[in-house]
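Here is the structure we will look at.
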Amino acid sequence: MSHYGMAIDLNRCIGCHTCSVACKMANNLPQNVWWNRVATTDGYSIDSTLTEWPQGKLEFMPIGCQHCENPACVKVCPVGATYKDPETGVVRQDYEKCIGCRMCMAACPYTGVRSFNWEEPKAYYEFAVGDVDIPEHQKHTVEKCTFCYQRIADGQEPACMHLCPERARWWGDLDDPESEVAKLVATRSHKQLLPEMGTKPSVYYLV
């Protein structure tokens with residue numbers, strides 16, 4: 001059994017949003033749905049800062065599902081549509097089971113990492129893009145980052161990491177002390193989002 005996770009180096013992230021676009025394309029995400037976003041620290045909008053030039057400094061924070069070890073979303077799902085994969089530790093979403101109650105969205109402390117399809121999902125193109133074995137997006141269901149489960153099941157990296165031009169992301173088994181991601185977490189200063197919530201995120205931000 002593995003515990004997959006990710007480390008993101010905030011000193012290397014340049015806010016190019018390549019990770020967001022790679023995720024969207026690989027998973028054929030519907031219009032207006034983003035599983036992976038890059039926020040600007042202290043800003044009110046994309047690529048903004050509260051300080052004025054020349055003191056202004058842009059700091060970026062990539063945000064997606066944290067794939068928690070102790071996920072609040074799993075505890076509240078009444079039908080088991082949100083579940084933690086026992087082999088990988090990845091928090092997954094079963095669209096066929098989802099009844100659209102959105103309890104998982106209410107329980108998740110990380111605002112905006114889940115989205116709900118109020119209407120029939122609409123693609124940007126008249127044909128599907130991305131990986132061939134991704135689940136079909138459905139109306140009245142919740143969806144979120146899956147760590148590109150279709151890819152990791154085939155021994156590949158998540159799309160967001162694979163295409164990051166600054167190599168600001170590392171991916172692997174956090175329980176394997178010889179993996180690069182485990183070594184970075186063990187040796188680099190890092191932080192996690194809302195550790196006080198007790199969810200134990202599997203995404204570490206290197207600082």
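The values are calculated or read from the model by the stated rules, or taken from the named source; none is laboratory data. Please read all numbers here as calculations on a predicted model, not as lab measurements. Here Cβ is always computed from backbone atoms with ideal geometry, including for glycine, and neighbour counts include all displayed protein chains. Quick note on the areas: whole protein, heavy atoms, side chains included, nothing else; ligands and nucleic acids left out. Shrake-Rupley method; radii C 1.70, N 1.55, O 1.52, S 1.80 Å.
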Looking only at segment 1-36, count every residue that is of a type outside the set (S, T, N, Q), open to solvent by 40 Å² or more (accessible area, probe 1.4 Å) and under 21 Å from VAL181 (Cα atoms) and tell me the total. 4
Restricted to segment 123-172 and to residues being at positive phi and open to solvent by 70 Å² or more (accessible area, probe 1.4 Å), the residue modelled with the highest pLDDT is HIS140
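Among the candidates ALA153, ALA123, single out the residue that is farther than 19 Å from PRO62 by Cα and touching a residue at least 60 places away in the same chain (Cβ under 8 Å). Outline the logic, then answer.
Working: ALA153 fails: touching a residue at least 60 places away in the same chain (Cβ under 8 Å).
Step by step, each of ALA153, ALA123 is checked, and only ALA123 is farther than 19 Å from PRO62 by Cα and touching a residue at least 60 places away in the same chain (Cβ under 8 Å).
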Looking at this structure, is PRO62 touching a residue at least 24 places away in the same chain (Cβ under 8 Å), touching a strand residue (DSSP E or B) at 6+ places or on another chain (Cβ under 8 Å) and closer than 16 Å to PRO165 by Cα? yes
Complete set of residues in segment 100-120 that are buried (at least 18 other Cβ atoms within 10 Å of the Cβ) and of a type in the set (D, E, K, R): ARG114
Output the number of residues of segment 139-173 satisfying the condition of being more than 26 Å from GLY15 (Cβ to Cβ) and part of a loop (DSSP other than H, G, I, E, B). 6
Which one of these is crowded, with 16+ Cβ neighbours inside 10 Å and of a type in the set (Lys, Arg): LYS97, LYS84? LYS84
Quick test of your reading of the structure: PRO62 fulfils all but one of (1) touching a helix residue (DSSP H, G or I) at 6+ places or on another chain (Cβ under 7 Å); (2) open to solvent by less than 30 Å² (accessible area, probe 1.4 Å); (3) in a loop (DSSP other than H, G, I, E, B). Name the failing condition by number. (3)
Residue tally, condition open to solvent by 10 Å² or more (accessible area, probe 1.4 Å), in a loop (DSSP other than H, G, I, E, B) and of a type in the set (A, V, I, L, M, F, W, C), over segment 69-81: 2
Quick check on ALA182: is it of a type in the set (Gly, Ala, Ser) and more than 17 Å from PRO62 (Cα to Cα)? yes
Just the residues that are within 16 Å of ARG37 (Cβ to Cβ) and within 14 Å of the chain's Cα centre (by Cα), please, taken from segment 60-88. MET61, PRO62, ILE63, GLY64, CYS65, GLN66, HIS67
Does GLN192 count as in contact with a helix residue (DSSP H, G or I) (Cβ under 8 Å, 6 or more places away or on another chain) and closer than 26 Å to ALA81 by Cβ? no
Inside segment 1-33, the number of residues satisfying the requirement of being in a loop (DSSP other than H, G, I, E, B) and out of contact with any Gly (no Cβ under 6 Å at 6 or more places or on another chain) is 15
With the condition kept exactly as written, say whether any residue in segment 81-89 is in contact with a Lys or Arg (Cβ under 8 Å, 6 or more places away or on another chain), without any contact (Cβ under 8 Å) to a residue 24 or more places away in the chain and within 28 Å of LEU174 (Cα to Cα). yes
